[in-house]
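Student: First the structure, then my questions, so here it is.
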DNA sequence: ACAAAAGTGTTTTGGGTACACCCATGT
DNA sequence: ACATGGGTGTACCCAAAACACTTTTGT
């Protein structure tokens, strides 16, 4: 029942009625971004530029986390990146909200209907070789997302909600921080994602209670101000000391 | 690409590679229960009794919430019941963990692999006409779930985690309480679901702050002790006063 | 009268929040 | 010397948690 579908230049067997769409959050100079892809859609004789989230079909023998990791690799070149499913979008007409978009996507489908699983992911924009994706993709400001194709605005909104929730309950920040980081870098990251500001002293009091945040015997170099102490995240300590109702709130 | 599959006695077009499985939580005399179905599995010449969660295929033109509601109706006879998706289970071998189980399920599948969306739901066991389901289904104690078929123990575990989280952040308790209820009924319900006990005074102080909990001019009748005041849940007030970071913790 | 659950206040403790100044470094 | 971000402590308020007795009804 799996179908041969064109996936790039290869014929690969995929499941006909399930796809994965990825909301790839990128952190770049204290701003939260989202990766969107440009498509050119024929439209009443003209061609319109439209944007969508990256997605792909699920292959016959992979689980959906693998599909999501594959999309991450295709879009960013990065591997072993954290991906997390957050919601299934199953409106039978979800691809038909705009007739031209549907005409465009129809030849790529094995069925007239596709249920999609939404994933989100977190990367450092500086880890990506952005020269390779600049033509078809764009890092859009997470707080100014334009109209996307299909139900992709819904998918983005749900991803953002889930991201914020998860950040308060799991050590996700560290996916976006370098190996060694300063407390201010960590604070700025929270501020970008929650679109707010925190009091520095209260913030530090809170994070200083986190036993898995290890102060290193190392400080920043090359900054023209008092260099900050570097910290690292100790996942072992986190795993061993986490409690049922963990709280990353800052 | 949709497939004609036998659904009971009717041929109904369904999507080949997606199903919905439901964890139906039932509240019964201060105990939390889960609905499981009995199946007889041929096993080395014998027939074994096994248990699984109720599930079904997704029809060609329905969204998955409709599939879940349909399963609820089939299993309990109840309609307009709250259902909520919580996770997708997509291990390509999820149906093959036990060879006999797979042999049993294979003829019911359009593909050798099915990705399933987990839903949970909440009902009052007393609302169900249990005489009709007694032969094939059973209300199992949520704290003593036996081995289930396929990956259904994983599905149950995730459902229970999500139920507990959602109960603290959404007004789900009221799905399980009658229209008019006492504060003690509400407390017992939390205690059953979180498997704990609360201090009555602290509990009441907390819930008395909830503006959407309306004390009625009505008290219990027919109890051989001081009758308790009845309360009702006002969804309008809840919707109008809910804030970003709502907290149902008690 | 007694059994059974309803209903009610106070104290202690810890966390959240608001707030301002000196320090170390590069230029 | 100055600009820049790093780093620190205190006071107030409120919510969480621990804890025991009186009230009302049915039998």
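Every read-out reported here was derived from the displayed coordinates using simple, explicitly stated rules and does not represent laboratory data. Since the model is a prediction, treat every value here as computed from it, not as a measurement. Note that we place each Cβ from the backbone using ideal geometry, even for glycine, and neighbour counts take in every protein chain shown.
Student: Calculate, for residue A:241 and residue B:12, the FRET efficiency according to 1/(1 + (r/R0)^6) with r their C-beta to C-beta distance and R0 41 Å; round to the nearest 0.05.
Tutor: 0.20
Student: Once R0 is set to 41 Å, what does the formula 1/(1 + (r/R0)^6) return for the Cβ-Cβ distance between residue B:164 and residue A:220, expressed as a FRET efficiency to the nearest 0.05?
Tutor: Taking R0 as 41 Å, the efficiency between residue B:164 and residue A:220 is 0.45.
Student: Roughly how crowded by other chains is peptide B:105-116, in terms of the mean Cβ count from those chains within 10 Å of each of its Cβ atoms?
Tutor: Mean shielding count: 2.
Student: Can you give me the Kirkwood hydrodynamic radius for the range A:30-88, using every pair of distinct Cα atoms, in Å to one decimal?
Tutor: Taking every pair of different Cα atoms in the range A:30-88, averaging 1/r and inverting gives 13.7 Å.
Student: Sort all Cα-Cα distances of the range A:175-241 into consecutive 10 angstrom bins from zero, then give the percent of pairs in each bin up to the one containing the longest distance.
Tutor: The distribution over the range A:175-241 is 19, 50, 29, 2, given as percents.
Student: As a check on your grasp of the helix formula, calculate [θ] at 222 nm for chain A: sum -39500 (n - 2.57) over DSSP H runs of n ≥ 4, divide by the residue count, round to the nearest 500.
Tutor: It lands at -8000 deg cm²/dmol.
Student: How far is the Cα center of the range B:44-101 from the Cα center of the range B:115-165, in Å?
Tutor: Answer, in whole Å: 10.
Student: Mind listing the label-point distances from residue B:197 to the same position on all other copies, shortest first, one decimal in nm, points 7 Å along Cα→Cβ?
Tutor: 5.0
Student: Let me ask something else about it. Please compute, over every Cα-Cα pair in the range B:17-132, the percentage with a separation greater than 20 angstrom.
Tutor: 46 percent
Student: When Cβ neighbours within 10 Å are restricted to other protein chains, what is their mean count per residue of peptide A:80-92?
Tutor: The per-residue average across the peptide is 4.
Student: Label position 7 Å from Cα toward Cβ: report the copy-to-copy distances for residue B:124 in nm, one decimal, ordered from shortest.
Tutor: Nearest to farthest, the other copies are at 5.6 nm.
Student: If I model a spin label at residue A:74 and residue A:93 as a point 7 Å from the Cα along the Cα→Cβ vector, what separation in nanometres do I get?
Tutor: With each label point 7 Å from Cα toward Cβ, the separation is 2.8 nm.
Student: Here's another thing I want to ask about it. If you bin every alpha carbon distance in chain A into 10 Å steps from zero, what whole percent lands in each bin?
Tutor: With a bin width of 10 Å, the distribution comes to 7, 27, 32, 20, 10, 4, 0.
Student: With no solvent and one equal point scatterer per Cα, compute the Debye intensity ratio I(q)/I(0) for the protein assembly as shown at 0.08, 0.10 Å⁻¹ and report its log10, rounded to two decimals.
Tutor: -0.61, -0.94
Student: Now a separate question. Using a Gaussian network model on chain A with a 10 Å cutoff between Cα atoms, which of A:144, A:103, A:50 fluctuates the most?
Tutor: A:144
Student: Please give the average number of partner chain Cβ atoms lying within 10 Å of the Cβ of each residue in B:51-58, rounded to a whole number.
Tutor: Mean shielding count: 1.
Student: Which of the peptides B:156-168, A:84-96 is most tightly packed, and how do the rest follow, going by the mean number of other Cβ atoms within 10 Å of each residue?
Tutor: A:84-96, B:156-168
Student: Please report, for residue A:12, the nm distances (one decimal) from its label point, 7 Å out from Cα along the beta-carbon direction, to the equivalent points in the remaining copies, shortest first.
Tutor: 3.3
Student: How high is the relative contact order of the range B:93-230? Use alpha-carbon pairs under 8 Å, at least six apart in sequence, and give a whole percent.
Tutor: 20 percent
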